[in-house]
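Below you'll find the structure, written out as structure tokens, and then a few comments.
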Amino acid sequence: MSTLVVVGTQWGDEGKGKIVDLLASKADIVVRFQGGNNAGHTLVVGGEKVICHLIPSGILNEGKKCIIGNGLVLDLEVLIEEMEDLKKRGVDITPERLSISEKAHIIMPYHKAIDLAREKAKGRGKIGTTGRGIGPCYEDKAARVGIRMADLLEPDTLREKLDSNLREKNFYLKELFGEDPFDLEDIFSRYEKFGKILRPYIKEIGLELESAIVDGKKVLFEGAQGTHLDVDHGTYPYVTSSNPVASTAATGTGIGPNRLDSIMGVVKAYTTRVGSGPFPTELTDEIGDYIQKRGAEFGATTGRRRRCGWLDMVMVKDSIRLNGLTCLSITKLDVLSGLKRVKICVGYECDGERITHRPANLKRLSRCSPIYEEFEGWEEDISDIKRSQDLPSEVKRYLKRIEEISGVPISIISLGPIREQSIILKDPF
Ligand code: IMP
């Protein structure tokens, strides 16, 4: 197998960054295919914490090539800052190592302003977005008025597109929300400069990837967010505006779906969610607090406290189908140490009926209560265990049940934030 896609099976924050960083040592190329700087992939390497918002998490593995796909929306200030920050840490950031798709869309300052103004206006009914302009940028892409990386390289086109966009956006911001309008020349001059900095990195990445795959190179596709934040399949409208499912690894990079070999789903040993929306297994008691504190469950992008709950296998099973998962990684299992009992949700009780898939209708979903299987917990600190046979019997039982319910083998068990705190049961490549 030469390609592997890694996706989140829950509502994001499953620990994909660490898994990708771990697997990047076996890959030649690491590619991101959707989302933007709403993602924050936290890595701990050499005792130092690094958060990647746009550049693939594989960048910390020396000599690996990283690609930013056409499926992303890019905040160029954040991208350039991230490149500079990594350079300062001694990471090699050059056009030989980093490619950015010429078809990726650009998040403009007005996208951020619209995102924030809309959320403010919605009040209690807000989505709880990251406020990074992600939704408004994807809207412009679908409306065919978006500005792409290729446009940065042609100042006349950039100015023309900005001008026509600003006529609409300024009217919308001013008249509907009472916000300040944006100045064309100000944005144009800043983005023209960004274009000069980024020019050597902007490429047709689909061709590059296709020939790498044909040459037998190992390619790792890094998903952002999670399956249940997918704009089609997630808890709509409490979702992001892209498709974090595995098939986007093809559309978001410019290769065919037949090029995707293995597909790994990252499953956190419990469930978390940031932002609004239904969450059947949410724990609003002291167990939820315990998991939140032990798991340091704060958003890597916004610093918001994540809501915590038991592992929901109804969600994970949906993710197995939606992504065609061939293997799983179980993360943050160490966080559950110290709990007397642990639970796994295996179905929902809804309107007097037992169901095993998540209803699309959110009112119906809010009437669902979880059906749990309960297990003995474990006291031991398991974070430094190196072999699966040395895990406490209670942990083994918990993992075995996840594997039984999902029908998909576990390849990696992650027991802490650093690379070394991982047990690789089977090489997923
Ligand atoms: P947006 O992507 O900023 O539009 O936010 C839409 C929803 O997706 C909100 O509930 C966010 O909290 C959530 N979201 C977006 N990106 C992430 C992520 O990387 N991890 C977890 N939740 C996310």
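Here, each number is a calculation from the coordinates, and none is a lab measurement. These numbers were taken from a predicted model, which means no experiment stands behind them. Cβ coordinates were reconstructed from backbone atoms using ideal geometry, including for glycine residues, and neighbour counts include every protein chain displayed.
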Q) How big is the antiparallel share of DSSP beta bridges in segment 267-424, given as a percent to the nearest 5? A) 75
Q.
I need the Debye-formula profile for the chain: one equal scatterer per C-alpha, no solvent, reported as log10 I(q)/I(0) at q = 0.13 1/Å, two decimals.
A. -1.14
Q: Name the residue farthest towards the positive end of the dipole of the chain from the options 24, 336, 254, assuming +1 on Cβ of Lys and Arg, -1 on Cβ of Asp and Glu, about the Cα centre.
A: 336
**Q.** Sum of -39500 (n - 2.57) over DSSP H runs of 4+, divided by residues of the chain (222 nm, nearest 500)
**A.** -9500 deg cm²/dmol
Q: Take the cross-link list 88/122; 112/217; 18/112; 49/112; 103/363; 26/103 and give me the ones stretching past 32 Å between alpha-carbons.
A: 88/122; 112/217; 103/363
Q) By how many nm would the segment from residue 361 to residue 400 lengthen if fully extended, with 0.36 nm per residue of separation less the alpha-carbon distance? A) 10.9 nm
Q. In percent, how large is the relative contact order of the chain, given Cα pairs closer than 8 Å and 6 or more residues apart?
A. 20
Q) What Cys residues in the chain have no fellow cysteine's beta-carbon under 4.7 angstrom? A) 52, 66, 137, 308, 327, 345
Q.
Nothing charged except the Cβ atoms of Lys and Arg (+1) and of Asp and Glu (-1): what's the magnitude of the dipole of the chain about its Cα centre? Round to the nearest 20 debye.
A. 520
Q.
With +1 on the Cβ of every Lys and Arg and -1 on the Cβ of every Asp and Glu, and nothing else charged, how large is the dipole of segment 105-198 about its Cα centre, in debye rounded to the nearest 20?
A. 540
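Within 10 Å of each residue's Cβ, count the other Cβ atoms and sort 44, 267 from fewest upward.
On the way: 44 16, 267 29.
Ascending number of Cβ neighbours within 10 Å: 44, 267.
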(Q) How charged is the neighbourhood of residue 273? Take every other residue with its Cβ under 12 Å from the Cβ of residue 273, and add Lys/Arg as +1 and Asp/Glu as -1. (A) 0
Q) From Cα coordinates alone, what are the radius of gyration and Dmax values for segment 349-429 in angstrom? A) 17.0, 47
Q. Counting Lys and Arg as +1 and Asp and Glu as -1, what is the net charge of the other residues whose Cβ lies under 12 Å from the Cβ of residue 366?
A. +2
Q.
Antiparallel versus total DSSP beta bridges in the chain: what percent is that, nearest 5?
A. 40
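Which GluC sites (Glu not before Pro) in segment 65-112 sit in a loop by DSSP (not H, G, I, E or B) and have at most 10 other Cβ atoms within 10 Å of their own Cβ?
Those that pass, being in a loop and sparsely packed, are 96.
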(Q) Just to confirm the number: angle between the C-alpha axis of helix 313-323 and the first principal axis of the chain, 0 to 90 degrees, nearest 10? (A) 50
**Q.** Modelled FRET efficiency - R0 51 Å, residue 185 with residue 49, Cβ distances, 0.05 increments
**A.** 0.85
Q | Distance in nm between pseudo-label sites at residue 214 and residue 298 (7 Å out along the Cβ direction from Cα) | A | 4.9
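What is the sum of charges around residue 306, taking Lys and Arg as +1, Asp and Glu as -1, for the other residues whose C-beta is under 9 Å from the C-beta of residue 306?
Net of charged neighbours comes to +2.
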Q | Mean separation of Cα contacts under 8 Å (6+ apart) over length of segment 23-170, as relative contact order % | A | 20
Q: Normalising by the residue count of segment 132-205, find the relative contact order in percent from Cα pairs under 8 Å and 6+ residues apart.
A: 30
